[in-house]
Amino acid sequence: MDVEHPVRMLTHSGLSRMSGVLGEGFFADNVVRSFRRKDELKTEKKALLEKILEYISIIENGKEQVSTGRLRDNAIKSISAYKRM
């Protein structure tokens with residue numbers, strides 16, 4: 001018995017969201033791989049850790065905006081990051 005599966009096309013906004021999620025997934029994968037290595041802290045690893053700190057700051061900013069209701073100029077990016085966490 002043949003069963004037809006409908007093909008769903010991604011909208012522009014859906015594709016945009018998927019792109020962001022995939023980018024964060026690859027970033028998280030780099031973080032995990034970086035911590036598994038037992039080598040000295042090189043420039044590449046330092047840069048990755050700095051990006052982690054920056055991302056955590058964005059998440060905390062989103063949390064604050066949600067809890068206080070006071071939006072800032074980076075509201076979409078920070079609240080979106082907080083929502084995903």
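The values are calculated or read from the model by the stated rules, or taken from the named source; none is laboratory data. These numbers were taken from a predicted model, which means no experiment stands behind them. Don't worry about glycine lacking a Cβ; one is built from the backbone with ideal geometry, like all the others, and counts go over all protein chains shown.
Residues that are modelled with pLDDT of 75 or more and acidic (Asp, Glu): find the helices (runs of 4 or more DSSP H) completely inside the chain holding 3 or more of those.
Details: elements: 12-36, 43-68, 75-84.
Here the list reads 43-68.
So which residues in segment 21-59 are within 17 Å of residue 78 (Cα to Cα) and touching a residue at least 12 places away in the same chain (Cβ under 8 Å)?
Across segment 21-59, the qualifying residues are 21, 24, 27, 51, 52, 55, 58, 59.
What residue, among those in segment 21-37 that are of a type in the set (D, E, K, R) and surrounded by fewer than 11 Cβ atoms within 10 Å (Cβ to Cβ), is nearest to the chain's Cα centre (by Cα)?
29
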